[in-house]
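Taking it in order: structure first as structure tokens, then the write-up.
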Amino acid sequence: MSIEIDIFNNEFLFLKELYSQKANEINQIEKHFREVERKKLHPNWRIYRRSKRKWITLAGIFELNITMYEATDKITNKITRFTYYHHNKLKELKFSKYDTDNIKFAIKSYLDGSTIPSFLRPFLPSKQLLNHYLQTLKISNKIEQENKGKLDSLKTKLFNSDEQIYIEMDDLYINHQAEKKKKMRVREIIFHTQKITSL
């Protein structure tokens, strides 16, 4: 069996097909609720406005149907308008048109210092939006907590170990950006045993 790959086509075809199926499924759920379930469960809900929400994924851009309803309060005669989110994916898209996988990929690429392929850039948030996500999702705090957990685990292993512990130190000198003539010393310290090469 031979495999043919078109390297000039930047689309993830199979992934696009899967996302397309999911988008159709979500739209069918919306249609069924609007045309059938709503009339049974909430006969007083009237359709106020129908719109489409963009769903930007790594496989492309899809549109999801969403409906705003209105209902009249029987006591006060006041009209209330609201959007009904018939699927959790639409609840996520309330805050961002980018899929959570896109945001995660953008954040991990930023933290790793990885270069993002040019054909993926249109599907990822801009630098300003990425900085917004870094702040609102409190990524720095999460990294700090993760590192603290790892350090605590390593300390426990180190103190519970009855083997001899070796300490290695290495200094590295780099130029400081603020002051051109001054160098900054970076000291690296490694604790290890003979069995565990490095903690």
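Summary table below
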quantity: Loop-resident sites, the stretch 5-54, for GluC sites (Glu not before Pro), counting at most 14 other Cβ within 10 Å (DSSP); calculated: Glu11
quantity: Value of Rg/Rh across the chain [Cα atoms, Kirkwood radius]; calculated: 1.18
quantity: Local electrostatic count, Leu120, Cβ distance below 15 Å [Lys/Arg +1, Asp/Glu -1]; calculated: +1
quantity: Considering only the chain, percent of DSSP beta bridges that pair antiparallel, nearest 5; calculated: 95 percent
quantity: Surface/4 of the Cα convex hull for the stretch 1-94, nm²; calculated: 8.3 nm²
quantity: The stretch 1-94: relative contact order in percent, alpha carbon pairs under 8 Å with at least 6 residues between; calculated: 24 percent
quantity: Over the chain: helical MRE at 222 nm, DSSP H runs n ≥ 4 each giving -39500 (n - 2.57), nearest 500; calculated: -12000 deg cm²/dmol
quantity: Neighbourhood net charge (14 Å Cβ-Cβ; Lys/Arg +1, Asp/Glu -1) for Ile139; calculated: +1
quantity: Given Lys22/Lys127; Lys39/Lys91; Lys142/Lys182; Lys22/Lys108; Lys22/Lys150; Lys16/Lys39, the pairs whose alpha carbons are separated by over 31 Å; calculated: Lys142/Lys182; Lys22/Lys150; Lys16/Lys39
quantity: Amide N of the stretch 4-45 lying under 16 Å from the label point, which is placed 7 angstrom from the Cα of Lys52 along Cα→Cβ; calculated: 20-28, 30-31
quantity: Net charge contributed by nearby residues that have their C-beta within less than 12 Å of Leu172 (K/R +1, D/E -1); calculated: 0
quantity: Of Lys97/Lys138; Lys94/Lys155; Lys54/Lys74; Lys89/Lys157, those spanning more than 31 Å from alpha-carbon to alpha-carbon; calculated: Lys94/Lys155; Lys54/Lys74; Lys89/Lys157
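Values quoted throughout were computed directly from the atomic coordinates according to the rules given, and no laboratory measurement underlies them. Just so it is clear, the model here is predicted, and its values are computed rather than measured. Ideal geometry is used to build each Cβ from the backbone, glycine not excepted, and the neighbour counts take in all protein chains shown.
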